[in-house]
Amino acid sequence: MKNLMRLLIVLVILFSTSCSAQNQIFNNLKEAPVNGGLQMDDYWVWGSSVIKGEDGKYHMYASRWPNFLPFHPGWMVASEIVHAVSDTPEGPYKYQDVALGARGAQFWDGRSCHNPKIVKYKDTYILYYMGSTHPFEEVTNENVSAFDLNSKWCIAARWGKRVGIATSKSPYGPWKRLDAPILDVKPNSYYSFLTSNPSPLIKEDGSVVLLFKGRSYKEDGISNSDMSIGVATAPSYDGKYTVIGDKPLFSLEHFGEVEDPHLWSDDTGFHMVAKDQRGAITGGAGDGLLAHSKDGINWIVDENPKAYTKTVKWDNGKTIKQGQLERPFVFVEKGKPTHIFFATMDGPGGFGNGTKTWNMVIPLK
């Protein structure tokens, strides 16, 4: 009898250890549908966000820019946010319209709208995004040979990156844009150079927790720092956004450098998935990490933080290490994560080595 009890205790311990070793993303990834997501001829496509509309359809908002431009940094000067629709979360999604396009160099987001995140509060759809502008002529086939990260276009456009919102009563628009960003830079802070990549979560009372990417100026006053992730709050989506604290949530010095955070919540609190830029947290550069929080402000990296790797199992039987796998977006329906979306690229890795990009999706068990 004592031996049986010991055996049961051992089994319970092993079971508990096995359960704690799992997480709600990595252990539940299914095969990715080859024909899922969104692809567009003649465009680079990147960074999707999906919401279910009152029409019962699934509405994707994604970035695109013409592929005569180099992928990076073409998005800085020519990205627009498009709207695509599907009858199922997996897709394929069909292009519907341009939600946010170019509107003139005089606007803070007049040249580029990028990295959308769609949420809804009551009867209003809110599209968070990064915008930028520059005062120069457009980049065309005729002058693209002079276009690179150090060109006049990119120097101005990168410096001008800010976070903003647009609102609509329908997922089909029209979208009302603001004349100023909701999250500006602050001198002598970790976001003195730019703010970007917003990830909002609207609570039941309408207040907002917003994660964002920031970069600061280095001491030379010209170049910019590595990436940091900060948090801001607002009493409502159209209220004043206030950055909490003087130090970032994630940085090269704290936890590690991460990018592309995405927020969702359930009965246990807030959850974050993000790209582990250098692999300091997960052990794999570019792999996904998971973290959790009770309030959206104080974060703890999960005990088993690896959410995904670049190696994807497709439903045609192939397993491929993607060239890039970024901008993770967890779609939640009826309180449960059901799908995870990514921006992806073919090739051996590196933005300059791919020939096509698309937004893909992996169903979760």
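The table below lists the values:
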quantity: The chain - mean residue ellipticity at 222 nm from DSSP helices (-39,500 (n - 2.57) per run, n ≥ 4, rounded to 500); calculated: -3000 deg cm²/dmol
quantity: Label-point separation, Asp55 to Lys321 (7 Å along Cα→Cβ), nm; calculated: 4.2 nm
quantity: Taking the stretch 220-365 and dividing mean pair separation by its residue count, relative contact order in percent (alpha carbons under 8 Å, at least six apart); calculated: 14 percent
quantity: Given charges at beta-carbon only (K, R positive; D, E negative), |dipole| of the stretch 291-365 in Debye; calculated: 220 debye
quantity: Within the stretch 118-236: Cβ-based charge dipole about Cα centre, in debye rounded to nearest 20 (Lys, Arg +1; Asp, Glu -1); calculated: 380 debye
quantity: Value of relative contact order over the chain, rounded to a whole percent, pairs C-alpha under 8 Å and six or more apart; calculated: 15 percent
quantity: Whole-percent carbon and sulfur share, accessible surface of the chain, 1.4 Å; calculated: 53 percent
quantity: Net charge contributed by nearby residues that have their C-beta within less than 15 Å of Ser170 (K/R +1, D/E -1); calculated: +2
quantity: Residue-span extension gain [Glu333 to Phe68] - 0.36 nm each, minus C-alpha spacing; calculated: 91.7 nm
quantity: Residue-normalised accessible area of the stretch 305-365, given per residue in Å² at a 1.4 Å probe; calculated: 43 Å²
quantity: Gain in span if fully extended, Thr88 to Asn353, counting 0.36 nm per residue against the direct Cα distance; calculated: 92.2 nm
quantity: Convex hull volume of the chain per residue (C-alpha atoms, cubic angstrom); calculated: 160 Å³
quantity: Cα coordinate range in the stretch 119-191, projected on the principal axes (Å, largest first); calculated: 47, 37, 17
quantity: Kyte-Doolittle mean at least 0.5 and Cα axial length at least 24 Å: DSSP H helices in the chain; calculated: 2-20
quantity: Rg/Rh (Cα only; Kirkwood hydrodynamic radius) as it applies to the stretch 235-299; calculated: 1.01
quantity: Rounded accessible area per residue of the stretch 147-296, 1.4 Å, Å²; calculated: 43 Å²
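The values are calculated or read from the model by the stated rules, or taken from the named source; none is laboratory data. These figures come from a predicted structure and were not determined experimentally. Cβ sites come from the backbone with ideal geometry, for glycine too, and all protein chains shown count toward neighbours. Note: areas computed on protein heavy atoms with side chains; ligands, DNA, RNA excluded. Shrake-Rupley method; radii C 1.70, N 1.55, O 1.52, S 1.80 Å.
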